[in-house]
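The values are calculated or read from the model by the stated rules, or taken from the named source; none is laboratory data. Nothing here was measured: the structure is a model prediction, and the numbers come from that model. Positions of Cβ are backbone-derived with ideal geometry, glycine not excepted, and every protein chain shown enters the neighbour counts.
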């Protein structure tokens with residue numbers, strides 16, 4: 001079973017019904033893929049939903065994520081790795097922390113072009129949606 005990391009944009013694309021994203025999410029739900037996210041993704045996703053006036057769907061989305069994804073909290077170890085990532089790549093702080101939470105996955109799904117700085121790395125493979 002493959003291990004994937006999911007960024008905030010993945011869930012926004014899921015809400016839009018993006019075909020590729022829906023297929024990946026169905027594999028997570030079916031247990032064919034194991035998904036991992038940073039707790040910061042939950043922060044960013046709720047913030048975006050509040051901004052879009054769609055906070056009424058938050059609890060359902062949160063429940064689905066918590067049921068199907070391992071959530072990595074930002075602790076001291078993640079903070080230190082994130083600082084090194086940010087310093088070494090110029091990636092914004094929040095993105096560096098998210099990456100530090102999921103850097104051990106096989107594929108990292110994102111919509112953020114900033115993650116192109118990792119395109120030459122073999123693992124995780126960065127999949128920009």
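Taking the residues in region 58-77 that are without any contact (Cβ under 8 Å) to a residue 24 or more places away in the chain and touching a helix residue (DSSP H, G or I) at 6+ places or on another chain (Cβ under 9 Å) as candidates, determine which candidate is farthest from residue 103 (Cα to Cα). Filtering region 58-77 for residues that are without any contact (Cβ under 8 Å) to a residue 24 or more places away in the chain and touching a helix residue (DSSP H, G or I) at 6+ places or on another chain (Cβ under 9 Å), the one farthest from residue 103 (Cα to Cα) comes out as 58.
Entry remark, region 13-50: residues being in a helix (DSSP H, G or I) and farther than 21 Å from residue 93 by Cα number 17 in total.
One line per residue, one yes/no per condition, for (1) over 21 Å from residue 14 (Cα atoms); (2) under 15 Å from the mean Cα position of the chain (by Cα); (3) surrounded by fewer than 12 Cβ atoms within 10 Å (Cβ to Cβ):
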{"residue": "50", "(1), (2), (3)": "no, no, yes"}
{"residue": "59", "(1), (2), (3)": "no, no, yes"}
{"residue": "73", "(1), (2), (3)": "yes, yes, yes"}
{"residue": "81", "(1), (2), (3)": "yes, no, no"}
{"residue": "97", "(1), (2), (3)": "yes, yes, no"}
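Here 33, 91 are screened, and the one residue that is surrounded by 12 or more Cβ atoms within 10 Å (Cβ to Cβ), at pLDDT below 95, under 20 Å from residue 126 (Cα atoms) and over 13 Å from the mean Cα position of the chain (by Cα) is 91.
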